[in-house]
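Trainee: Structure below; questions to follow.
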Amino acid sequence: MKKLLLVLTVCMCAWSASAQNWAVGGRIGSGFMADVQYVFSNDNYIEGRFGAYWANAGGTVTADFTALYNWNICRMNWTPSAGTWFFDAGAGINVGGKGHYAYVGAAGCAKLGIDFSGAPVRLSFDWSPAFGPGIAYWDGGSASEFNEHALCNFGITCSYRF
């Protein structure tokens, strides 16, 4: 037990020392997802989302994972006392499914949001459509078609940057 606590302590210390470029948060909209971002020095970042997604055929809930590389397109100084507005765009992959159903596709992302002044909090509205098939499978058969429900992936993301 002492070895486990020591390993956890060392891992937490290493994580906190390297946490300077990380952001964590949540996203709600077409699903509820945990959001993790690694920010590069030029404000471009890698984003990973994992959680429940409910914009599917029949309103079923599926597990969903999205990995994106986002570019900071522009910054706008509309409200200098509140913060700096930004527009980001990105591309990546989206996979998910449940039981006898799965989907995979190329994903895009467009975000409009604000970096608040004096706080490491970022709030954004985003659209993350995915283009690919939805595949139903069962004993001895399968069927697939374009997953049009993946085009309506909207959400509000709130993240905290370390």
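Trainee: How much length is gained if the chain between Trp78 and Val121 is pulled fully straight, taking 0.36 nm per residue apart and subtracting their Cα-Cα distance, in nm to one decimal?
Mentor: Net length gain for the segment: 13.7 nm.
Trainee: Can you give me the accessible area per residue for segment 21-162, using a 1.4 Å probe, in Å²?
Mentor: That works out to 49 Å² for each residue.
Trainee: Over segment 81-162, with a single point scatterer placed on each C-alpha, what log10 of the ratio I(q)/I(0) does the Debye formula yield at q = 0.19 1/Å?
Mentor: -0.83
Trainee: Roughly how many nanometres apart are two label points built 7 Å out from the Cα toward the Cβ at Leu151 and Ala67?
Mentor: Label-label distance for Leu151 and Ala67, simple model: 2.7 nm.
Trainee: For the chain, find the longest principal axis of its Cα atoms and tell me its angle to the long axis of helix 2-17, 0 to 90°, nearest 10.
Mentor: 70 degrees
Trainee: Sticking with this structure for a sec: Full-extension gain between Ser144 and Val24, please, as 0.36 nm times their residue separation minus the C-alpha to C-alpha distance.
Mentor: Working it through step by step, the gained length comes to 39.7 nm.
Trainee: Moving on to the next point. So how much slack lies between Ile46 and His100, counting 0.36 nm per residue of separation and subtracting their Cα-Cα distance, in nm?
Mentor: Full extension from Ile46 to His100 adds 16.4 nm.
Trainee: List, largest first, the extents of the alpha carbons of segment 13-162 along their principal axes, each in whole Å.
Mentor: The Cα atoms of segment 13-162 stretch 59, 38, 22 Å along the principal axes, largest first.
Trainee: In whole percent, how big is the carbon plus sulfur part of the accessible area of segment 29-104, probe 1.4 Å, protein atoms only?
Mentor: That share works out to 71 percent.
The values are calculated or read from the model by the stated rules, or taken from the named source; none is laboratory data. Predicted model only: the values in this text are computed from it and were never measured. Quick reminder, even Gly has a Cβ in these numbers, built from the backbone with ideal geometry, and neighbours come from all protein chains shown. The accessibility values were calculated without ligands, DNA or RNA, using every heavy atom of the protein model including side chains. Shrake-Rupley method; radii C 1.70, N 1.55, O 1.52, S 1.80 Å.
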